[in-house]
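What follows is a set of notes on a single structure, which appears directly below.
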Amino acid sequence: MPAPSPPAIVFDFDGVVVDSEPLHYQAFVMVGKSIGFSFSYDQYVAQYIGFDDRDAFRLMLAVSGEDATDERLAQLCADKQKAFDVLAPMAAASGAIAIPGALDLIDAAHAAGRPMAIASGATQADIHLMLTLLDRRDRFEIIVAADDVEKSKPDPSTYALAAERLGIDPARCLAIEDTKAGLMSAQGAGMMTLGLTTTGSAEHLAMAGRVLDDLSGVTLAQLDAWYG
């Protein structure tokens, strides 16, 4: 029988490709002031990472006692996008914003013709901006973002849609994630999983097939040996 094909790689974005969670937190803090909401970075990591902007603001509004109408959520998300668009180029100019090893793995997969996609709770605008700053926008034809699904992570829709657009059985896809919500989404879609402790502890990623600190030194050959 022929050997199984190597897995397609589906990357989460924030915390897997880019170290942008602190930027998202800063943008949330800036916009949160308008609804009388504030929180620490530890609270953000514990309660909000893994949700898309809409769901994060739903939680904030609930704490603030304000109705989360569609119009209000849209305005808050637009304000947060504007804040992020200012913060991201400043961060890129001041130093590295990529997760260690991520760009090397992406480049290797691209050169090898390995099917790849991004499946993220970030917006298309956020992802395109950061990939452009990293000079990697041409690496991904398939990007599934919060804009593309009605329910974001931990719902499996994001990863299921990525597999559908790749035209590959989810069981032959490896999702790389940094949050429990993301792992739940990927496994709910039927994918194999690799967890990174870039934003949380290994304990929170225990459900992943394998857990690493980051992608430093990770090669396609290693991924194929682990998941092929």
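The values are calculated or read from the model by the stated rules, or taken from the named source; none is laboratory data. Owing to the predicted nature of the structure, the values given are computational and were not obtained by experimental measurement. Note: ideal-geometry Cβ built from the backbone for every residue, glycine included; neighbour counts use all protein chains shown.
Identify all residues within the range 102-126 that are among the charged types (D, E, K, R) and either within 11 Å of the chain's Cα centre (by Cα) or assigned to a strand (DSSP E or B) (or both); write none if there are none.
Passing the criteria: only Asp126.
Just to be sure before I move on: is Ser40 among the hydroxyl-bearing types (Ser, Thr, Tyr) and in contact with a helix residue (DSSP H, G or I) (Cβ under 6 Å, 6 or more places away or on another chain) in the structure I sent? The answer is no for Ser40. For Phe13, the requirement of being more than 17 Å from Glu177 (Cβ to Cβ) and touching a helix residue (DSSP H, G or I) at 6+ places or on another chain (Cβ under 9 Å) is not met. Could you check how many residues of the range 30-44 are surrounded by 17 or more Cβ atoms within 10 Å (Cβ to Cβ) and part of a helix (DSSP H, G or I)? Total satisfying the criteria: 3. The residue of the range 181-198 that is farthest from Ile99 (Cα to Cα), among those that are assigned to a helix (DSSP H, G or I) and at pLDDT 95 or above, is Gly188.
Does the range 146-166 contain at least one residue that is farther than 22 Å from Phe57 by Cα, surrounded by fewer than 23 Cβ atoms within 10 Å (Cβ to Cβ) and either modelled with pLDDT under 95 or of a type in the set (S, T, N, Q) (or both)? For the range 146-166, residues farther than 22 Å from Phe57 by Cα, surrounded by fewer than 23 Cβ atoms within 10 Å (Cβ to Cβ) and either modelled with pLDDT under 95 or of a type in the set (S, T, N, Q) (or both): absent. Residue count for the range 131-170, restricted to those that are β-branched (Val, Ile, Thr) and not in a loop (DSSP other than H, G, I, E, B): 4. May I ask you to list the residues in the range 69-116 that are surrounded by fewer than 14 Cβ atoms within 10 Å (Cβ to Cβ) and under 23 Å from Cys173 (Cβ atoms)? Result: Asp107, Ala111, Ala112, Gly113.
Within the range 146-157, the presence of at least one residue that is more than 16 Å from the chain's Cα centre (by Cα), not hydrophobic (A, V, I, L, M, F, W, C) and not assigned by TED's automatic domain parsing to the domain that holds Ala78 is confirmed. In the range 86-101, the residue that is modelled with the lowest pLDDT out of those that are of a type in the set (A, V, I, L, M) and in a loop (DSSP other than H, G, I, E, B) is Ala96.
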